[in-house]
Amino acid sequence: MNGSNDFRQVRKLLSLKRHEQPPPGYFDSFSNRVIARIEREEEIAQRPWWDKLLALIECNPIGACAYGLVFFLTVLLGVNFYQSEITTFSNLWSSPSVTALNEPGQYLRQGRMDGNANRASDNIEPEYLFLPSMDGRQASYPRVSPPNSNGNSGFGGAEISRMTFGRVR
Amino acid sequence: MAQTMTAESTRQTPEVEKSEDPVTDCTLVTQAKEGNLEAFDTLVQRYQERIYATVYHMTSNHEDANDLAQESFIKAYHALASFKGDSSFFTWVYRIAVNKTINFLKQRKKRSFMSLNDLDVNVEYDPELVALASANDPRQEVKLEELQEKLNAAMLKLSEMHRLVVTLYDLQGLSHEEIAKIMDCHTGTVRSRLFYARQQLQAYLSDYLK
């Protein structure tokens, strides 16, 4: 068959590749290089983690630099984000409306008990109403005297102004 | 040297080597599994030329072949615990080298360049090759090197699987059955790939074939 004859020629040509030889003496030290690499890997595996890290940096300094840069940028971004969050909270905290919330009994002292009063909480976004730093304070009320003969409830302005918010003990 | 022998004479040589050697592969593998590096060193020496040659013929690059052959043996050493002995150590280590090489070739696809080994002096005493290369050209040596380059370029044009079959059958002298075990496929697949690969090579090298 003509095809198989041609293949014989291809195979003859391919036999040229069997004459390609590595540099003289290449195989004399090949197994030594393999064993040396295995021993080195085993030695590295027994080292503590920081030593392994140093070995890794020695082997691939460019890769190590790249990882280091990414880590540094991540930390920088994290710190930046954290600081911006702190600033937002402190700005909010120092705003007049929140300050008003912090001062015990302010509204009551101002006599704003009616429903139409401009309360501090009206100016604040709902999510900021329950800040974690707001400690649990409970209002304490003065003892209400029984109604007098004039029909007054005894819950007058003067008494209201004495109302304070105090920590429960 | 094993590599300069003809393909027919070297076919299934590893099995012969294994039976003739006083210490079998199996014994050496058992010792190497227990951490005996000297035993593994013997195994490396036994197959280094074949593994290197296979990888070299696949990559046509000495430096890549050097790295891949070393890494294949290192991987084999670390994976010895998983070697159950279902196949011969030779087949198993070949499979590791072949998989490693194919993965490497897939990654470097766009930057393939040749770093060819020199032809040994025996090539000048091969009358068939000289006749094929010289073709009335007085500059015989130059012509052989040119032919070597063309041949390697043609090999690189084949797909990895076709190149592998040609390498294992025509250059390494393995049998179809052994190649099927290494490539984890049927012998029919090996035969058809071999036929197609040779056909391709014939087309690429038509100028050099009479």
Between A:Ile57 and A:Val79, what is the FRET efficiency for a Förster distance of 30 Å, r being their Cβ-Cβ separation, to the nearest 0.05? 0.75
Roughly how many nanometres apart are two label points built 7 Å out from the Cα toward the Cβ at B:His186 and A:Lys12? 3.5
Using r as the Cβ-Cβ distance of B:Asn103 and A:Ser90, and R0 as 45 Å, what FRET efficiency do you calculate, to the nearest 0.05? 0.20
Just add up the charged neighbours of A:His19: K/R +1, D/E -1, any other residue whose Cβ is under 10 Å from the Cβ of A:His19. -3
A:Gln46 neighbourhood, Cβ < 15 Å, K/R = +1, D/E = -1, net charge -2
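Only the coordinates and a few stated rules stand behind these numbers; no lab work does. Fair warning: this is a prediction, and the values are worked out from it, not measured in the lab. Cβ sites come from the backbone with ideal geometry, for glycine too, and all protein chains shown count toward neighbours.
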